[in-house]
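Report on one structure; see the data block that follows.
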Amino acid sequence: MGVRISEEDRIFCWMYGQQCRDFYGNVPWELGLPKLQQGWLRVRGPLKLDWNAVEDYVHEGWNAAAPESNVQASPCQAFEGDSERA
């Protein structure tokens, strides 16, 4: 993870990855990646870190989310209305 970012920003990235995984379920990272990259441009707000700076942190959050969990998380705003949910 080359770029150093604050703990608060890392948590934001991790939560983004986790929420997206909750939304997409068992979709493999490689297939979800284009949507996560596009969504990042919408959700990053004033953070302005580019995808290359946050991808590893988002991926950690994605991996930490249990796809078999019965807990329903709110879908991340990056994918509102997305009908491709797996």
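For segment 35-47, give me each residue that is modelled with pLDDT of 85 or more and surrounded by 11 or more Cβ atoms within 10 Å (Cβ to Cβ).
LYS35, LEU36, GLN37, GLN38, GLY39, TRP40, ARG42, VAL43, ARG44 - these are the residues of segment 35-47 that are modelled with pLDDT of 85 or more and surrounded by 11 or more Cβ atoms within 10 Å (Cβ to Cβ).
Can you find a residue in segment 24-34 that is touching a residue at least 40 places away in the same chain (Cβ under 8 Å), touching an Asp or Glu at 6+ places or on another chain (Cβ under 7 Å) and not polar (S, T, N, Q)?
So in segment 24-34, the residues touching a residue at least 40 places away in the same chain (Cβ under 8 Å) come out as 24-27.
Then keep just the ones that are touching an Asp or Glu at 6+ places or on another chain (Cβ under 7 Å); that gives none.
Within segment 24-34 (the criterion being touching a residue at least 40 places away in the same chain (Cβ under 8 Å), touching an Asp or Glu at 6+ places or on another chain (Cβ under 7 Å) and not polar (S, T, N, Q)), the answer is no, since none of the residues qualifies.
Specify the residue that is surrounded by the most Cβ atoms within 10 Å (Cβ to Cβ); the eligible residues are those in segment 48-76 that are at pLDDT 60 or above and aliphatic (A, V, I, L, M).
Only one residue fits best here, namely VAL58.
Can you name every residue in segment 1-13 that is surrounded by fewer than 20 Cβ atoms within 10 Å (Cβ to Cβ) and touching a residue at least 40 places away in the same chain (Cβ under 8 Å)?
If the condition is that a residue be surrounded by fewer than 20 Cβ atoms within 10 Å (Cβ to Cβ) and touching a residue at least 40 places away in the same chain (Cβ under 8 Å), then MET1, GLY2, VAL3, ILE5, ASP9, ARG10 are the ones that fit.
The values are calculated or read from the model by the stated rules, or taken from the named source; none is laboratory data. These numbers come from a predicted model, not from an experiment. Because the Cβ atoms are built from the backbone with ideal geometry, glycine has one as well, and the counts that use them run over all protein chains shown.
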